[in-house]
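Visitor: Quick one: structure below, then a few questions.
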Amino acid sequence: MMPRPGLAIFLTPRELPFGLIGAGGATLGVWAGAPVIPVIAVGFFVAVRVTIQGVHNPS
């Protein structure tokens, strides 16, 4: 995924308990037979903080 000009995307790992909860929840979901892509996406968003910020480009 490529951000457009003037847009910054930051991925910051959360504290350890959130990472373990995200990984455990994703593992449990896949083991229970849920579709893999949505389960992995939810586990990722639990474990990682996504920040989208507009950047002013003086030109």
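The values are calculated or read from the model by the stated rules, or taken from the named source; none is laboratory data. If you're wondering where the values come from, they're calculated on a predicted model, not measured in any experiment. Note: ideal-geometry Cβ built from the backbone for every residue, glycine included; neighbour counts use all protein chains shown. Quick note on the areas: whole protein, heavy atoms, side chains included, nothing else; ligands and nucleic acids left out. Shrake-Rupley method; radii C 1.70, N 1.55, O 1.52, S 1.80 Å.
Residues checked against (1) modelled with pLDDT of 90 or more; (2) in contact with a strand residue (DSSP E or B) (Cβ under 7 Å, 6 or more places away or on another chain):
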{"site": "MET2", "(1), (2)": "no, no"}
{"site": "GLY6", "(1), (2)": "no, yes"}
{"site": "GLU15", "(1), (2)": "no, no"}
{"site": "ILE21", "(1), (2)": "yes, no"}
{"site": "GLY24", "(1), (2)": "yes, no"}
{"site": "TRP31", "(1), (2)": "yes, no"}
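Visitor: Additional query: Using beta carbons and a limit of 6 Å, which pairs, at least six apart or on different chains, have the first residue in region 34-55 and assigned to a loop (DSSP other than H, G, I, E, B) and the second one of a type outside the set (Val, Ile, Thr)?
Guide: Every condition considered, the pairs that remain are VAL55/GLY6; VAL55/ALA8.
Visitor: Another question about this same structure. Name the pairs whose Cβ atoms lie under 6 Å apart, with the first residue in region 5-26 and open to solvent by 70 Å² or more (accessible area, probe 1.4 Å), the second assigned to a strand (DSSP E or B) and among the small types (Gly, Ala, Ser), and 6 or more positions between them or separate chains?
Guide: none
Visitor: For region 27-59, give me each residue that is open to solvent by 100 Å² or more (accessible area, probe 1.4 Å) and of a type outside the set (A, V, I, L, M, F, W, C).
Guide: ARG49, HIS56, ASN57, PRO58, SER59
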